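First up is the structure itself, then whatever we jot down about it.
Coordinate-derived values only; no laboratory data. Because the structure is a prediction, the values reported are computed rather than measured. All Cβ positions, glycine included, derive from the backbone under ideal geometry; neighbour counts span all protein chains shown.
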Amino acid sequence: MTLARVVKTCAGCPAQWDAWTTGGQYLYLRYRHGVGSVERQPCEDPGTWHDDPSETVAEWDDGTGSGQIELLGFLDRAGLSLVPGAEVSERLSMR
């Protein structure tokens, strides 16, 4: 799956990002206690999210217990990539 836009939304633990595929699908990326996950959700508004395991795109536990990971490391583990010239930015807040 290829991402066109990624926005880092938390500076601390957990590491998390809002992301959009080249087809416009929103994804929520999260890494906490060594567990990474990628979920399809309707949009970036958590009030619209659903808890449907079938919408989990990727999930792993690296055994580190860490809460911090760099975006490129996360994408590699999740099997995601950025398109050339992808928009990568930060909008840091507490979610």
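A few comments on the model shown:
- Taking the number of Cβ atoms within 10 Å of each Cβ as an exposure proxy, the fewest-first ranking of SER66, SER89, SER54 is SER54, SER89, SER66.
- Scattering profile of the chain at q = 0.16, 0.25 Å⁻¹ [log10 I(q)/I(0), Debye over alpha-carbon scatterers]: -0.61, -1.53
- Segment SER89-TRP60, extension gain: residue separation times 0.36 nm, minus the distance between their alpha carbons: 8.0 nm
- Residue-span extension gain [ARG77 to TRP49] - 0.36 nm each, minus C-alpha spacing: 7.7 nm
- With the highest mean first, a sort of the peptides 13-21, 69-77 on other beta-carbon atoms found within 10 angstrom per residue produces 13-21, 69-77.
- Think of it as helices only: each DSSP H run of n ≥ 4 in the chain is worth -39500 (n - 2.57), and spread over all residues that comes to -2500 deg cm²/dmol at 222 nm.
- Here the residues TYR26, TYR31, ranked from fewest to most Cβ neighbours within 10 Å of their Cβ, fall in the order TYR26, TYR31.
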